[in-house]
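One structure is given below, encoded as structure tokens.
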Amino acid sequence: MTSIAISSSFLPPGNTLRRLMIQVIIALVPGTLAYAWHFGSGVIINIVLAVLFALALEAGILKLRARPVMPHLSDFSAVVAAWLFALCLPMHSPWWLVLVGISFAMIAGKHLYGGLGFNPFNPAMVGYVALLISFPREMTSWYLPASVAGETLSLTDALRYSFGNIDINQFDALSSATPLDQIKTAIGQNISISEIRSSPVFGEYGGKGWEWISFWWFIGGLWLLLTRTIRWHIPVALLGGVLGMALVFYLANPEIYSSPLFHLLSGAVVIGAFFIATDPVTAATTDMGRLVYGLLIGLLIYIIRVWGSYPDGVAFSILLANMCVPLIDYYSQPRVYGEK
Amino acid sequence: MIKLTRFHGGLHLAGHKAESRAHGLQQATIPERLFLPIRQHIGECNKPLVEPGDRVLKGQIIAANPSLICAAVHAPSSGTVSAIGDYPVAHPSGQPDTCIVIDVDGKDEAAEPDLPDPRQLTPDAMMERICRAGIVGLGGATFPTSPKLSRGKASGIDTLIINGVECEPYITCDDILMRHYSAEVLRGTGYLQQILHPTNTLIAIEDNKPEAIAEISRALAQTPLTNTDVIPVPTIYPSGGEKQLIHILTGKEVPRGQLAFDIGLFCQNVGTCVAITRALEKDEALISRVVTISGDNINAPGNWETRLGTPINHLIELAGGYRHAAGANLVMGGPMMGFSLSGHQVPIVKASNCIMVMCEETAPHTSGYHDECIRCSKCTEVCPAQLLPQQLYWHARAKNWERTREYHLSDCIECGCCSTVCPSQIPLVQYYRAAKSEIQATQKAQLKSDRARARFEFREQRLLLKKQKAEERRRLKREALQKKHDKSGASKPISDPVLAALARVKARKKSLQEDSQ
């Protein structure tokens, strides 16, 4: 928030931060609904909790920082960050996990740097990575989709789970490692891709359920492109990076390297490409820079997935690329009018 | 037909031109008092040539400067100079400036014109008359036309571009001028051709002005002008910017640090053409211009041929007054490049193409609040200079002038596209203007202190040299004396009296011994 004298342009504003954020929220809806369809209502509970916590935190911090509260709350940037953060969590997470993660995201990821516009790292990813490192057990208890387990937690059970009134072991039959995790473990045990792919958690191309969620993220991403909320450079370069790497290794040895489509449709690649890496505050700003930035994330995702110790690497890749943004921006300045 | 090129960025804006062009061209009455700022152009400042109490005639020069880059100010009507002093003027800073105040006598009496046939004049004589008439570029830049012409003539011009694009919303003064003074526009074009000898001439008009295109084309068919074409250009802001128009028409870019005539191009606004015609044919100085008055808080938007120095409130009265009584936001220039005025006393000057009268609440940026930059780069997408506005903003706010230079702040044409699309409603251009003037001030101060230091160092050097010379002289003198002294000492025998006495005693003893033997 800055106060300065009146100047041009004197036309009414055509675009507002709030309108941009609402576009992102609209684009998140189909994927979120698909998520809930396949894995139960836990994800909705996570989102609602995260959004409420985020708004409360944002209001409190703004008050402490003596900044106007309403203008900042009503730009919905906290809602978007919280929503994206909640989507990274396992579908059934205790409320305190959500609170710890979103607190870290809002305080350390956003406001310690000066709030919206000044944070070098994607706040949602900061919160998620903090949890992943601090609470590895809670952050890796994933559940099977309805199409495999035959059922998901009912809304009441999911709520009771979130608020700690239910024994976790009761649902052991429903919990399972994610497909990416299973592939990672299997490769470590010298089991070939074709063998592991016969497990019921795998669908046509990616993990069962997951591939459909990715598809709906993709549709949401197209909406963002059509409404010009984001531009094509980052998603295309990022997906290109993942697909390119995956294709090369898959062609070299399909028994130990998964297919490009599997990589595309598993984990957080699509949502990362369209929704997270495109966060304008933390991404590169020039066209060329965005291509480099997207490609860098794509390569890092593949490297971390295949040779790193984590099953998925979207969050780490984005944070690492965030670090490179000032450098990328500086060296990718476009040619100015009249410059040879 | 030439092939048009698309420039980078730009915006499709709602034109809002119909409001002000409905009534055609109206003649504004002359107010009782005219306020003439002595600074109405880019370049050296004028000095008043009249004193309070002097009677002036219409067209008489009242302020001038012998410098080349300068345009004189003339009395727009006859009357008496009543005061010279600081009055509100149209400047983004809101600071008052020196104005000559004329109490108009209503006779509108002009000096006897000197009327040679302009077709017989040499280019130099033509430029001299254009200079005397105080003509500046009326498209907004207000650069004196005469020095621009002589530089252009010296560089050799291939293509003459007559700019009737008028791309900014609300403004229709050039549109109306082209429709009412088409013959004068074209005769002025002819005089420019007579001076510059271009191979071809392009008259560019944005395609949202079909009447102006038709009228100029019709008038062109009746003139003897050759190799001259009317080119409708697509409506996209800021196609009327000189560099953008050059890019559209020729596909060329003016290299950084150079001007259009360095690559054989010369742009002139249609209004300037009319002023040139009047100066050459009728010996009329630039004392009036067409001004658009528009916006959502004026009763009768329109175009008025207005004497320079007319206070804006006079024009507002002519245009039916404010629509909503409470609080108006006055802007000189269009909604994209204009700036807020300090009050309604501000006079019309050579640069005043448009006065926007807006309701206070409809003007954005008035709350003094804007969100922070989220680096979305929408500004980069629309920037016609292909700059990185969000980086410039960042460094301008941090007052990191070195970085703003690296990001080519000086190439910003202040078109306002970035401010318009910014989702955080940051008045980016305001930041750039502030940064530019601060850099200029710093450079001026730097230049001054550099000059002072150089002078001081020179003085020190000079004194040191003087001292060294004096010392050298003294040394030489001492040495010369020493030498002289040494020389005389060597020729003389030992002059010690004791030794001499001893010698004498010795000699006597010797002679005594010799005598006794």
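The values are calculated or read from the model by the stated rules, or taken from the named source; none is laboratory data. Worth saying up front: this structure is predicted, and the values here are computed from it rather than measured. We place every Cβ from the backbone using ideal geometry, glycine too, and count neighbours over all the protein chains shown.
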Wholly enclosed helices (runs of 4 or more DSSP H) of the stretch B:349-448 bearing at least 3 residues within 11 Å of chain A (Cβ to nearest Cβ) and within 29 Å of A:GLY114 (Cβ to Cβ): B:378-382, B:389-397, B:417-421
Matching residues in the stretch A:62-102 - criterion: being among the β-branched types (Val, Ile, Thr), crowded, with 20+ Cβ neighbours inside 10 Å and more than 17 Å from A:THR140 (Cβ to Cβ): A:VAL79, A:VAL80, A:ILE102
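Report, by residue number, each residue of the stretch A:251-262 that is farther than 17 Å from A:ILE304 by Cβ and either assigned to a helix (DSSP H, G or I) or at pLDDT 95 or above (or both).
A:LEU251, A:ALA252, A:LEU261
Is it the case that some residue within the stretch A:74-83 is in contact (Cβ under 8 Å) with a residue 60 or more places away in the chain and either within 13 Å of chain B (Cβ to nearest Cβ) or among the charged types (D, E, K, R) (or both)?
Narrowing the stretch A:74-83 to residues in contact (Cβ under 8 Å) with a residue 60 or more places away in the chain: A:77.
With either within 13 Å of chain B (Cβ to nearest Cβ) or among the charged types (D, E, K, R) (or both) added as a condition, the list becomes A:77.
Yes, because at least one residue in the stretch A:74-83 is in contact (Cβ under 8 Å) with a residue 60 or more places away in the chain and either within 13 Å of chain B (Cβ to nearest Cβ) or among the charged types (D, E, K, R) (or both).
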Single condition A:ALA283 does not satisfy, out of (1) within 30 Å of A:ALA186 (Cα to Cα); (2) under 15 Å from the mean Cα position of the chain (by Cα); (3) of a type in the set (A, V, I, L, M, F, W, C): (1)
Top-ranked residue in the stretch B:97-127 [being part of a loop (DSSP other than H, G, I, E, B) and in contact (Cβ under 8 Å) with a residue 60 or more places away in the chain; ranked as surrounded by the most Cβ atoms within 10 Å (Cβ to Cβ)]: B:LEU121
The lone exception for B:ILE2 - which of (1) assigned to a loop (DSSP other than H, G, I, E, B); (2) of a type in the set (A, V, I, L, M); (3) surrounded by 17 or more Cβ atoms within 10 Å (Cβ to Cβ) it fails: (3)
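Results for (1) in contact (Cβ under 8 Å) with a residue 24 or more places away in the chain; (2) within 13 Å of chain B (Cβ to nearest Cβ), shown as yes or no for each residue.
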| site | (1), (2) |
| --- | --- |
| A:ASP287 | yes, yes |
| A:ARG290 | yes, yes |
| A:ILE301 | yes, no |
| A:ILE304 | no, no |
| A:ASN322 | yes, yes |
| A:LEU327 | no, no |
| A:ARG335 | no, yes |
Within the stretch A:129-158, considering residues that are part of a helix (DSSP H, G or I) and modelled with pLDDT of 90 or more, the one nearest to A:PRO94 (Cα to Cα): A:LEU131
Single unsatisfied condition, B:ARG218 versus (1) out of contact with any strand residue (DSSP E or B) (no Cβ under 8 Å at 6 or more places or on another chain); (2) in contact (Cβ under 8 Å) with a residue 60 or more places away in the chain: (2)
Test: B:GLY338 is touching a strand residue (DSSP E or B) at 6+ places or on another chain (Cβ under 9 Å), modelled with pLDDT under 90 and within 30 Å of B:LEU186 (Cα to Cα): yes
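Has the stretch A:37-56 got any residue that is of a type in the set (S, T, N, Q) and assigned to a helix (DSSP H, G or I)?
Within the stretch A:37-56, one or more residues are of a type in the set (S, T, N, Q) and assigned to a helix (DSSP H, G or I).
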The listed residue being of a type outside the set (Phe, Trp, Tyr), over 30 Å from B:GLU372 (Cα atoms), surrounded by 21 or more Cβ atoms within 10 Å (Cβ to Cβ) and modelled with pLDDT of 95 or more, out of A:LEU265, A:LEU300, A:LEU296: A:LEU300
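Just to check your reading of the model, which residue among B:THR189, B:THR201 is assigned to a helix (DSSP H, G or I) and either modelled with pLDDT of 95 or more or in contact with a Ser or Thr (Cβ under 7 Å, 6 or more places away or on another chain) (or both)?
Step by step, each of B:THR189, B:THR201 is checked, and only B:THR189 is assigned to a helix (DSSP H, G or I) and either modelled with pLDDT of 95 or more or in contact with a Ser or Thr (Cβ under 7 Å, 6 or more places away or on another chain) (or both).
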Conditions (1) touching a strand residue (DSSP E or B) at 6+ places or on another chain (Cβ under 9 Å); (2) at pLDDT below 90; (3) not acidic (Asp, Glu); number of the one not met by B:PRO238: (2)
Which listed residue is hydrophobic (A, V, I, L, M, F, W, C), over 21 Å from the mean Cα position of the chain (by Cα) and more than 30 Å from B:ASP86 (Cβ to Cβ), from B:ILE231, B:ILE276: B:ILE231
Filter result for B:PRO301 (over 20 Å from B:GLY24 (Cα atoms) and either away from chain A (no Cβ under 14 Å) or within 25 Å of the chain's Cα centre (by Cα) (or both)): no
Residue in the stretch B:318-341 that is more than 24 Å from B:VAL421 (Cα to Cα), within 14 Å of another protein chain (Cβ to nearest Cβ) and outside any strand (DSSP E or B) present: yes
Check on B:VAL498, surrounded by 10 or more Cβ atoms within 10 Å (Cβ to Cβ) and either closer than 30 Å to B:SER93 by Cα or modelled with pLDDT under 90 (or both): no
Those residues of the stretch B:166-183 which are assigned to a loop (DSSP other than H, G, I, E, B) and over 24 Å from A:SER9 (Cα atoms), in sequence order: B:TYR181
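Does B:HIS41 satisfy being closer than 29 Å to B:ILE161 by Cα, in contact with a Gly (Cβ under 9 Å, 6 or more places away or on another chain), in a loop (DSSP other than H, G, I, E, B) and in contact (Cβ under 8 Å) with a residue 12 or more places away in the chain?
Yes: the conditions hold for B:HIS41.
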Subset of the stretch A:91-128 (residues that are within 14 Å of chain B (Cβ to nearest Cβ) and outside any helix (DSSP H, G or I)): A:GLY114, A:GLY115, A:LEU116, A:GLY117, A:PHE118, A:ASN119, A:PRO120, A:PHE121, A:ASN122
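What are the residues in the stretch B:237-267 that are among the hydrophobic types (A, V, I, L, M, F, W, C) and touching a helix residue (DSSP H, G or I) at 6+ places or on another chain (Cβ under 9 Å), if any?
Those that are among the hydrophobic types (A, V, I, L, M, F, W, C) and touching a helix residue (DSSP H, G or I) at 6+ places or on another chain (Cβ under 9 Å): B:ILE246, B:VAL254, B:LEU259, B:ALA260, B:PHE261, B:ILE263, B:LEU265, B:PHE266, B:CYS267.
Taking B:GLU19 as the residue in question, decide whether it is over 19 Å from B:LEU286 (Cα atoms) and surrounded by fewer than 14 Cβ atoms within 10 Å (Cβ to Cβ).
No.
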Close pairs from the stretch A:156-167: first under 13 Å from A:GLY40 (Cα atoms) and surrounded by fewer than 17 Cβ atoms within 10 Å (Cβ to Cβ), partner aliphatic (A, V, I, L, M) and at pLDDT 80 or above, Cβ under 7 Å, at least 6 apart: A:LEU159/A:ILE45
Sole residue being more than 14 Å from chain B (Cβ to nearest Cβ) and within 22 Å of A:ILE318 (Cα to Cα), chosen from A:ILE25, A:ILE61, A:ILE44: A:ILE25
Total residues in the stretch B:1-40, condition within 26 Å of the chain's Cα centre (by Cα), farther than 26 Å from B:ASN297 by Cα and more than 14 Å from chain A (Cβ to nearest Cβ): 5
Failed item, numbered, when A:VAL236 is tested on (1) at pLDDT below 95; (2) among the hydrophobic types (A, V, I, L, M, F, W, C); (3) over 16 Å from A:MET91 (Cβ atoms): (1)
